[in-house]
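Everything below concerns the one structure shown next.
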Amino acid sequence: MRTITSWLGKRATGLYAFIALFYMMLPIMVVIMLSFNKPAGKQNTQWNEFSLDAWTNICRDQTICGAVTTSIQIALLTTIVATILGTMIAFALVRHRFRGRTSTNLLIFLPMATPEVVLGASLLAMFLNLRVSPGFWTIVIAHVMFCISFVVVTVKARIASLDPRLEQAAMDLYANERETFRYVTLPLVMPGIAGAALLAFSLSFDDFIITNFNSGIVSTFPKFVYISSARGIPPEANVIGSAMFFIALIIVIVGQFVSRRRRAN
């Protein structure tokens, strides 16, 4: 009995980590499994038989491909704008002292703390008062607004962790401010910027609540899945979800591999 208790005590952390990881990965495993399913009816909720039809013919239903294309376009535009603005705000908050800096730090967190239902409804009211019809561009504006906060927090943490002596050393070697920023500061901050961009893309691509309020007749992938749930979510939706997971996994693995190679060199 003592031997078993001692064995469990030594491996308790690893066991807890495995249980937590399995708990988090279980829904993703179900999504991947159902992407290879050939449902007997409209509902793709029970395993019937193995099939690659959904993977080989994703655009069998043009509606889903159109929704995915729209989501990718919105996510890319949101990522570009939010990353640029968020990075500039992060540099201003960390590197400069100005009146209202404390208030700005507080306001940055408000979109993250505000419930999405309230945020989506408020944005819809604003657009309607401005006589702007909900559609593609209102979704982009709404997504940029809440993604900026996540970008600022991510990039700000990276900037705050930089060693100022590296920039001072570059200036001691006769580099001006622009050259120091381009060749020293920006490469050091770039991992944080890249991480913030990936986070903004993910948040924009899979957002439903704010998008549903401000989309009008525009259909995005999350909106398509929600509408399809009443009549049956097609396996192609699981294929797209699985593909997004594998793409994210590949990006993380490649990033870790590149980081290890740089450390080794």
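The values are calculated or read from the model by the stated rules, or taken from the named source; none is laboratory data. Bear in mind the structure is a predicted one, so any value in this text is a computation, not a measurement. So basically every Cβ, Gly included, is an ideal-geometry build from the backbone, and we count neighbours across all protein chains shown. Only protein heavy atoms, including side chains, enter the accessible area calculation; ligands, DNA and RNA are left aside. Shrake-Rupley method; radii C 1.70, N 1.55, O 1.52, S 1.80 Å.
Over the residues of the chain, the helix contribution to mean residue ellipticity at 222 nm works out to -25000 deg cm²/dmol, using -39500 (n - 2.57) for each DSSP H run of at least 4. Per residue, the average separation of C-alpha pairs within less than 8 Å and at least 6 apart gives the chain a relative contact order of 32 percent.
Between residue 18 and residue 122, the FRET efficiency estimated from the beta carbon spacing at R0 = 51 angstrom works out to 0.75. Stretched out straight at 0.36 nm per residue, the stretch from residue 243 to residue 181 would grow longer than its current Cα-Cα span by 18.6 nm.
Note: relative contact order over the stretch 132-203, using C-alpha pairs below 8 Å and six or more positions apart, is 48 percent. Ignoring aspartates and glutamates fewer than eight residues from residue 42 along the same chain, the ones with Cα atoms less than 16 angstrom from its Cα are 53, 61, 236. FRET efficiency for the residue 145 to residue 11 pair, using the beta carbon distance and R₀ = 35 Å, is estimated at 0.15. Find, among the chymotrypsin sites (Phe, Trp or Tyr not before Pro) in the stretch 159-217, those assigned to loop by DSSP (not H, G, I, E, B) with at most 10 other beta-carbon atoms within 10 angstrom. Listed in order of number, the matching sites are 174. Can you tell me which aspartates and glutamates have their Cα less than 12 Å from the Cα of residue 223? Leave out same-chain residues fewer than eight positions away. Counting by Cα, and skipping residues close in sequence, residue 223 has these aspartates and glutamates nearby: 206, 207.
Spin-label pair residue 113-residue 65: with each label point 7 Å from Cα along the Cα-Cβ axis, the two points sit 4.6 nm from one another. Comparing 13, 154, 104 in a Gaussian network model of the chain, where Cα atoms under 10 Å apart are tied by springs, the biggest mean-square fluctuation is seen for 13.
Highest average first, the peptides 18-24, 236-242, 224-230 ordered by how many other beta carbon atoms sit within 10 Å of their residues are 236-242, 224-230, 18-24.
Projected label points at residue 28 and residue 98, each 7 Å from Cα along the beta carbon direction, are separated by 3.9 nanometres. Taking amide H as placed 1.01 Å from N in the peptide plane, residue 44 has its amide H under 5 Å from the amide H of 233, each at least 5 places away in sequence or on another chain.
Protein heavy-atom accessible surface, 1.4 Å probe, per residue over the chain: 65 Å². With pairing defined as another cysteine C-beta under 4.7 Å, the cysteines of the chain that fail it are 147. Of the chymotrypsin sites (Phe, Trp or Tyr not before Pro) found in the stretch 86-121, the ones in coil according to DSSP and having at most 10 other Cβ atoms within 10 Å of their Cβ are 98. Taking the average, over residues, of other Cβ atoms within 10 Å as the packing measure, peptides 163-169, 32-38 rank 32-38, 163-169 from highest down.
Can you bin the stretch 53-97 into rounded, prolate or oblate? Criterion: square roots of the alpha carbon gyration tensor eigenvalues sorted a ≥ b ≥ c, rounded for a/c under 1.5, prolate for a/b above b/c, oblate for the rest. Prolate. Set the Förster distance to 45 Å, then compute FRET efficiency between residue 48 and residue 162 from the Cβ-Cβ distance, nearest 0.05. Plugging the Cβ-Cβ distance into 1/(1 + (r/R0)^6) gives 0.25.
Surface composition of the chain: carbon plus sulfur atoms contribute 67% of the solvent-accessible area (1.4 Å probe, protein chains only, all chains present).
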